[in-house]
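Take a look at the structure set out below.
None of the figures in this text is laboratory data; all of them are computed from the coordinates on show. All figures in this text were calculated on a predicted structure; none of them were measured in a lab. In this analysis, Cβ positions are derived from the backbone assuming ideal geometry, glycine residues included, and neighbour counts consider all displayed protein chains.
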Amino acid sequence: MANHSAPTLNSTESAVSLRGILKQFGDFTAVKDLDMEIRNGEFFSMLGPSGSGKTTVLRMIAGFEEPTAGQIVLHGTDVTRSAPFDREVNTVFQDYALFPHLSIAENVGYGLKVRGVAKAERTKLVGEALEQVRLSQVATRKPSQLSGGQRQRIALARALILRPKVLLLDEPLGALDKQLREQMQVELKQIQREVGITFIFVTHDQEEALTLSDRVAVFNNGKIEQVASPREVYEFPETEFVARFLGVTNIISPELSQHYFGSSDLHSLRPERISLVDASAPAATAGTVEIAGAIAETVYAGAHTRYLIDGEDGQRYIAESQNAHLPTTSITIARGDNVRLQFPREFATAIPGTAPAAAAAA
Ligand code: ATP
């Protein structure tokens, strides 16, 4: 007989559906007519600049805010008007919200205690949850005796122990320094894989969203611009906003796009796709675009060097090359040098519907 209490991990099943969601605060519209499907077991990120509406959407899924219009469905149940505690979701906040006077084990077991779970069972589940976040050794300490990264893992254990079907994470790594943050990203992803729960993650850090997610929703101004895998949003942005927000890119003007690619849609060309060659290098082969230019600036950034180039075609380009040469070899390209930019034509991707005629009609 099937065990109906165990979470089913069917990735095609919908965990959360948002349908026609509108959220107004007085006269201000924070979220506009939003539709979004999040699959069961998925690591889903909401990425966007500050004020784009991500947290408001997360808070509506949690039940802390009610939508002005629209419907929220959690695993097939309409929860639009349900209280937060009637939803099988839990939230991890950036500021951990641990109780300072309780031990780590008591913090992790707190939710179970409130629900009346017996002590023996609680001890067992707390032990398992601490093991899950690899912190069994700190059970008797107080939160103030832990590092930021450890506290964040405890906050995660405390949320996971209640076995939510969906875990909501609001910039959970925001308070950590860069190195710890990167380490926690890897751990978070591992833990999510192990527990198999749907994670919905809010961040304004594009690299973090790309690193962690199965799919990313890119927010702008209360709306979703694109929902796709990290690779797709980076390599094939559907709007100019997505192209620019997901890292650095060159947006090639309609006139030059027409000239190089035969279409006057804007094209996005990532800096790492451009090779810089000097005047003595062989001419480009068919299918490769070549643009002459002069180096306006070089920026050394350790792993790579970034170049700003004034193209003879009137456009300024950014190119990036990995510093894969010997550490003792100095970089030979300098400000003022004449160079040629080369890239295969298909390395530039068209942003659909941005040709001036199409954009004017839209
Ligand atoms: P951040 O990354 O800064 O948290 P965000 O993308 O999560 O930004 P939200 O917090 O969802 O953005 O806010 C979206 C917009 O709604 C903002 O302009 C914000 O000022 C506004 N807003 C959010 N909550 C309220 C509220 N309770 N009352 C009025 N306006 C609000």
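May I ask you to list the residues of segment 280-310 whose amide nitrogen lies under 13 Å from a point 7 Å from Cα along the Cα→beta-carbon direction of Asp177? Nothing falls inside the zone, counting backbone N under 13 Å. Counting only aspartates and glutamates at least 8 places from Lys32 when in the same chain, those with an alpha carbon closer than 17 Å to its own are Glu65, Glu66, Glu225. In the chain, if the dipole is taken from +1 on Lys/Arg beta carbons and -1 on Asp/Glu beta carbons about the Cα centre, which of Leu246, Gly51, Gly353 is farthest to the positive end? Ranked along the dipole, the leading option is Gly51. For a paramagnetic label modelled on Gln94 (point 7 Å from Cα along Cα→Cβ), amide N atoms under 20 Å away belong, within segment 131-161, to 147-157, 159.
With both labels modelled 7 Å from their Cα along Cα-to-Cβ, the Lys119 to Asp78 distance reads 4.6 nm.
Here the residues Arg153, Arg115, ranked from fewest to most Cβ neighbours within 10 Å of their Cβ, fall in the order Arg115, Arg153.
Listed values for segment 232-244 are Karplus-derived 3J(HN,Hα) couplings in whole Hz (6.51 cos²θ - 1.76 cosθ + 1.60, θ = phi - 60°), namely 5, 5, 7, 7, 10, x, 8, 9, 5, 4, 4, 4, 6, and x replaces Gly and Pro.
Distance between the C-alpha centres of segment 213-242 and segment 282-317: 27 Å, rounded to the whole angstrom.
Determine, from the Cβ-Cβ distance of Glu13 and Ser136 and an R0 of 25 Å, the FRET efficiency 1/(1 + (r/R0)^6), rounded to the nearest 0.05. Walk me through the numbers on the way to the answer.
Working: r = 33 Å, r/R0 = 1.32.
Using R0 = 25 Å, I get an efficiency of 0.15.
In a simple Cβ point-charge model (Lys, Arg +1; Asp, Glu -1; nothing else charged), the chain has a dipole of about 1660 debye relative to its Cα centre.
Under 13 Å from the Cα of Lys178, which aspartates and glutamates turn up, not counting those fewer than eight places away in the same chain? Partners found: Asp205, Glu207, Glu208.
Estimate the FRET efficiency between Thr285 and Gln322 by the formula 1/(1 + (r/R0)^6), using the beta-carbon distance for r and 30 Å for R0, to the nearest 0.05. Working shown, then result.
Details: r = 23 Å, r/R0 = 0.75.
The computed FRET efficiency comes out at 0.85.
FRET efficiency for the Arg345 to Ser229 pair, using the beta carbon distance and R₀ = 25 Å, is estimated at 0.55.
Shape summary: segment 202-264 maps onto an equivalent ellipsoid whose semi-axes, from the alpha-carbon gyration tensor, are 25, 12, 10 Å in decreasing order.
Each of Asn90, Ile61, Ile224 was scored by the projection of its Cα onto the charge dipole of the chain, and the greatest displacement toward the positive side belongs to Asn90; charges sit on the C-beta of Lys, Arg, Asp and Glu.
Quick check for me: using +1 on Lys/Arg Cβ and -1 on Asp/Glu Cβ, what's the dipole size of segment 248-361 about its Cα centre, in debye to the nearest 20?
200 debye
Compactness of the chain was expressed as the Cα radius of gyration divided by 2.2 N^0.38 Å, which yields 1.20.
Any of Lys54/Lys142; Lys54/Lys189; Lys54/Lys113; Lys165/Lys223 with alpha carbons more than 29 Å apart? Name them for me.
Numbers: Lys54/Lys142 32 Å; Lys54/Lys189 20 Å; Lys54/Lys113 32 Å; Lys165/Lys223 26 Å.
Too far apart for the 29 Å limit: Lys54/Lys142; Lys54/Lys113.
Bridge orientation summary for the chain: considering DSSP beta bridges with both residues in this region, about 75 percent are antiparallel.
Which residue, chosen from Gly314, Ser330, Thr285, occupies the Cα position most advanced towards the positive end of the dipole of segment 274-343, where the dipole is computed from +1 (Lys, Arg) and -1 (Asp, Glu) charges on Cβ about the Cα centre? Toward the positive end, the furthest listed residue is Ser330. Ranked by the mean number of other Cβ atoms within 10 Å of their residues, highest first, the peptides 83-90, 17-24 fall in the order 17-24, 83-90.
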